[in-house]
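Below is one structure, written out as structure tokens, with a few remarks after it.
The values are calculated or read from the model by the stated rules, or taken from the named source; none is laboratory data. Remember, it's a predicted structure, so these values are computed and weren't measured experimentally. A quick note on method: Cβ atoms are made from the backbone with ideal geometry, for glycine too, and the neighbour counts reach across all protein chains shown.
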Amino acid sequence: MKPRKLSLGNRNIIGRRVTEARLAKGWKQVELLAKLQLAGVDMSVPALSLLEGQKRPVSDIELKALAEILEVSPDWLLGRE
């Protein structure tokens, strides 16, 4: 995995957990993006990168899809568990 070039932002609190869950599954960003697209969530590579870098807000629809695809709870993504 390449080191992050930019520092983390403060636009969401789930970015770190999305990255953690994605890497635990051994997926690259493009694999997660394909699964999101199959779930009806259209997101670009830069948008996912910004989301994981906490530089982009996350919609409720994206949060729900990410939790389902990554097989974690929305509460876990939000840092509540």
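Any residue that is of a type outside the set (A, V, I, L, M, F, W, C), over 12 Å from the mean Cα position of the chain (by Cα), at pLDDT 95 or above and under 21 Å from GLU81 (Cβ atoms) - is there at least one of those in segment 14-36?
Looking for residues that are of a type outside the set (A, V, I, L, M, F, W, C), over 12 Å from the mean Cα position of the chain (by Cα), at pLDDT 95 or above and under 21 Å from GLU81 (Cβ atoms), one finds at least one in segment 14-36, hence yes.
Among the numbered conditions (1) under 12 Å from the mean Cα position of the chain (by Cα); (2) assigned to a helix (DSSP H, G or I), tell me where VAL72 comes up short.
Tallying (1) under 12 Å from the mean Cα position of the chain (by Cα); (2) assigned to a helix (DSSP H, G or I), VAL72 fails exactly one: (2).
Out of the residues in segment 10-40 that are of a type in the set (S, T, N, Q) and in a helix (DSSP H, G or I), which is surrounded by the most Cβ atoms within 10 Å (Cβ to Cβ)?
Checking each candidate, the answer is THR19.
Pairs needed: first member in segment 51-72, without any contact (Cβ under 8 Å) to a residue 12 or more places away in the chain and closer than 13 Å to LEU36 by Cα; second member anywhere, crowded, with 18+ Cβ neighbours inside 10 Å and of a type outside the set (Lys, Arg); C-beta distance under 7 Å; at least 6 residues apart or different chains.
ALA67/LEU77
Condition first: farther than 18 Å from TRP76 by Cα and either touching a strand residue (DSSP E or B) at 6+ places or on another chain (Cβ under 9 Å) or in a loop (DSSP other than H, G, I, E, B) (or both). Now tell me which residues in segment 41-60 satisfy that.
Correct list: VAL41, ASP42, MET43, SER44, LYS55, ARG56.
When you go through GLU71, GLU62 one by one, which is the residue that is at positive phi, out of contact with any Cys (no Cβ under 9 Å at 6 or more places or on another chain) and among the acidic types (Asp, Glu)?
When all the criteria are applied, what remains is GLU71.
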